[in-house]
Amino acid sequence: MRAAYHLKQIYQLPDTNDDTKKTIVDTLGHEVDRSDHGELMSHEIAYVMGQLRDKRGLKYLMETLRNRENTTIVRHEAAEAIGAIGVEEGLQME
């Protein structure tokens, strides 16, 4: 979990370039829906992604929300993170 929060801190530094921010979002996104992390870790990653408010994270969060194998708490946090990002694309569910 410390790594996820450390990535958040790097993302929020004023001199962090967009390529680095994209890498951070993609790294967190690839990890959020991994069942081998356990629900607490996936929940925290989703939370951090919401705090970043980067719309590039939507695809990962939407996948996490749609995955019915995830626990309710993970899916709930993914939904909250989508809401925190606050863009219209986050309202589209199939």
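The values are calculated or read from the model by the stated rules, or taken from the named source; none is laboratory data. What you are looking at is a predicted structure, and each value in this text was computed from that prediction instead of being measured. No Cβ is skipped: glycine too gets one built from the backbone with ideal geometry, and neighbour counts run over all protein chains shown. Accessible surface is based on the protein model in full, side chains and every heavy atom, while ligands, DNA and RNA are left aside. Shrake-Rupley method; radii C 1.70, N 1.55, O 1.52, S 1.80 Å.
A simple spin-label model places pseudo-atoms 7 Å from Cα toward Cβ; at Gln12 and Ser35 they are separated by 3.3 nm. Hey, in the GNM for the chain with a 10 angstrom Cα cutoff, which one of Leu65, Leu40, Leu28 fluctuates hardest? Comparing Leu65, Leu40, Leu28 in a Gaussian network model of the chain, the most mobile one is Leu40. When the chain is treated as a GNM with alpha-carbon contacts under 10 Å, the residue of Glu80, Glu39, Glu69 showing the greatest mean-square fluctuation is Glu69. Springs between Cα atoms under 10 Å define the GNM used for the chain, and in it the highest mean-square fluctuation of Arg53, Arg34, Arg75 occurs at Arg34. Protein heavy-atom surface of region 24-76, 1.4 angstrom probe: 48% of the accessible area is carbon and sulfur, with nucleic acids and ligands not counted. With protein chains left intact and a 1.4 Å probe, residues in the chain average 62 Å² of accessible area per residue. Pairing the Cα long axis of helix 2-12 with the longest principal axis of the chain, what angle in degrees results, from 0 to 90 and rounded to the nearest 10? Between helix and principal axis, roughly 50 degrees. Dividing the mean sequence gap of close Cα pairs (under 8 Å, 6+ apart) by how many residues the chain holds gives a relative contact order of 27 percent.
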